[in-house]
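Reading through the structure tokens given below for one structure.
The values are calculated or read from the model by the stated rules, or taken from the named source; none is laboratory data. Keep in mind it's a predicted model, so treat the numbers as computed, not measured. Methodologically, a virtual Cβ is constructed for each residue, glycine included, from the backbone with ideal geometry; neighbour enumeration extends over all protein chains shown. Keep in mind that these areas ignore ligands, DNA and RNA; they rest on the heavy atoms of the full protein, side chains included. Shrake-Rupley method; radii C 1.70, N 1.55, O 1.52, S 1.80 Å.
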Amino acid sequence: MTLFLAESNQMENNIVHRSKRLKRCHNKPMPRQISAKLKLSDCPEDVLGTILSKLPTKEIVRTSVLSSKWNQIWTVCPKLRFDGGTMCSKDVIGTQFSTQKFIENVNGVIKQYNGKLVEELEVKFEFDSKLAEHLNGWVSFALSSRAKNLSLHLLPANFWLCLDRYRFPFELFDGGKISRLQQVQLSFVSLESLPQVSGFPNLKKLDLHVVRATQIGLPNMLANCTSLEWLSLVQCHLDDELTVACPLPRLLYLHIAYCGLSKIEFNAMNLQTFVYIGRWHPIYLDHALELKDASLYFMDKITLEDALVALPNVLPKVRNLRLRSLMSLETPGLLGKISKFLQLKYLQLSFFVKADDQINILYLASFLSDAPFIEELEIHSLPTLLRGYQEASTLYT
């Protein structure tokens, strides 16, 4: 027993001494580690390119003055964004001098790239006839640099007073160059002289704003964009109707607004989101059985009966529906109607109600009987006609 107690005491003393040593070590300041000196210019080229791509092009070019080693380092940036608002001083924006200065700046930057790869080229400047020749050169540069994204934002402030638009140079495209593009954004561009057969086989996103085209040329082009996933047409002049009969199996998002169309028809079996702002005209999306979200703003007056009869056929599987209209709540004669919103879960109705139409407000319950599985219903009354039109411009962007 005496031996056991002695060993136990010795063990306890060892633990106490060890605890004190650890405590002294924790309280003693640790030697400061000497951090390695890492320079930004020592980063791999792809990392540098990612960092610089977060800056405006004007600031990227300015990095060349940091040191002699940085003289050309800015050219590793794979994304070129030329914005006249940031590249030209505010006191000369909109003048002939600003156009010339912008052209010189862009040409100067492009010249320094010397055939390096460019992932994205974006030009944002109000269209001027002086730009046309240089724009062709910049598009050619983007294609030869194997760019995937091309953006030309050329919309003037008073675009309704300008008759000319930039004619998109399809003659610069060959099979290899056109196949590399994945995103194209064009504003204030003319596509009226499209080739007979033209398309972007690997294009995923197409955004057209205030673009002129024909009802034959644009559908033919879209029919050859079989990889298209996202399509937006806003204020585009298409001469009556837009019919794309060829399947677009990958199209998920379709946005059409203020295009003055009398008919819309797409064969997009996997479409999930549809946004439309315009007049009440035939819309055919019969194959869009995967469509989940639809936002519709009809700029003219329709009746509740029109909406209940037509929309279930247009959007048979829609789950979330937002409908805005100058809707007339006339007594619906729907006794023979068969079509219903069989998968509708959420419905938002916004409409302008006239004073003599308020007695028919209960006819909105017709939507409930035609949507037996609805879970959430919102009804908004627009107090004025003007407000209804004003809200449409920002509602579905």
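Taking every residue in the stretch 294-316 that is closer than 12 Å to I277 by Cβ and pairing it with any residue that is part of a helix (DSSP H, G or I) and of a type in the set (A, V, I, L, M, F, W, C), at least 6 positions away or on another chain, the pairs with Cβ-Cβ distances below 7 Å are Y297/A392; Y297/L395. With a requirement of 1 or more residues that are more than 25 Å from H209 (Cβ to Cβ), among the small types (G, A, S) and modelled with pLDDT of 60 or more, the helices (runs of 4 or more DSSP H) lying completely within the stretch 51-127 that satisfy it span 96-113. Residues being open to solvent by 10 Å² or more (accessible area, probe 1.4 Å) and either hydroxyl-bearing (S, T, Y) or in contact (Cβ under 8 Å) with a residue 24 or more places away in the chain (or both): count how many of those fall in the stretch 200-216. Residues that pass the stated criteria total 9. Restricting the stretch 139-162 to residues that are part of a strand (DSSP E or B) and among the polar types (S, T, N, Q) leaves a set whose member that is nearest to I103 (Cα to Cα) is S151. Remark: pairs (first residue in the stretch 97-113, under 16 Å from K79 (Cα atoms) and in contact (Cβ under 8 Å) with a residue 12 or more places away in the chain; second residue open to solvent by less than 10 Å² (accessible area, probe 1.4 Å) and assigned to a helix (DSSP H, G or I); Cβ separation under 6 Å; 6+ apart in sequence or on different chains) = Q112/T75; Y113/T75. Only one of the listed residues (L289, L261) is of a type in the set (A, V, I, L, M, F, W, C) and closer than 22 Å to Q343 by Cβ. That residue is L289. Of all residues in the stretch 170-183, those that are in a loop (DSSP other than H, G, I, E, B) and either in contact with a Lys or Arg (Cβ under 7 Å, 6 or more places away or on another chain) or surrounded by 15 or more Cβ atoms within 10 Å (Cβ to Cβ) (or both) total 3.
Looking only at residues of the stretch 184-193 that are more than 16 Å from K124 (Cα to Cα) and within 24 Å of the chain's Cα centre (by Cα), we find that the one that is most open to solvent (accessible area, probe 1.4 Å) is E192. Within the stretch 196-214, is there a residue that is over 20 Å from the mean Cα position of the chain (by Cα), of a type in the set (A, V, I, L, M), part of a loop (DSSP other than H, G, I, E, B) and more than 19 Å from P78 (Cα to Cα)? Yes; the residues of the stretch 196-214 include at least one that is over 20 Å from the mean Cα position of the chain (by Cα), of a type in the set (A, V, I, L, M), part of a loop (DSSP other than H, G, I, E, B) and more than 19 Å from P78 (Cα to Cα).
Being open to solvent by 60 Å² or more (accessible area, probe 1.4 Å), out of contact with any Phe, Trp or Tyr (no Cβ under 7 Å at 6 or more places or on another chain), free of Cβ contacts under 8 Å to residues at least 12 places away in the same chain and acidic (D, E) is a condition met by no residue of the stretch 155-167. Scanning the stretch 267-281 for residues that are touching a Ser or Thr at 6+ places or on another chain (Cβ under 9 Å) and free of Cβ contacts under 8 Å to residues at least 24 places away in the same chain turns up T273, Y276, R279, H281.
Checking each residue in the stretch 311-320 for being among the aliphatic types (A, V, I, L, M) and either open to solvent by 20 Å² or more (accessible area, probe 1.4 Å) or assigned to a helix (DSSP H, G or I) (or both) picks out L311, V314. Exactly one condition in (1) surrounded by 17 or more Cβ atoms within 10 Å (Cβ to Cβ); (2) modelled with pLDDT of 90 or more is not met by P249; state its number. Among (1) surrounded by 17 or more Cβ atoms within 10 Å (Cβ to Cβ); (2) modelled with pLDDT of 90 or more, the lone unmet condition for P249 is (1).
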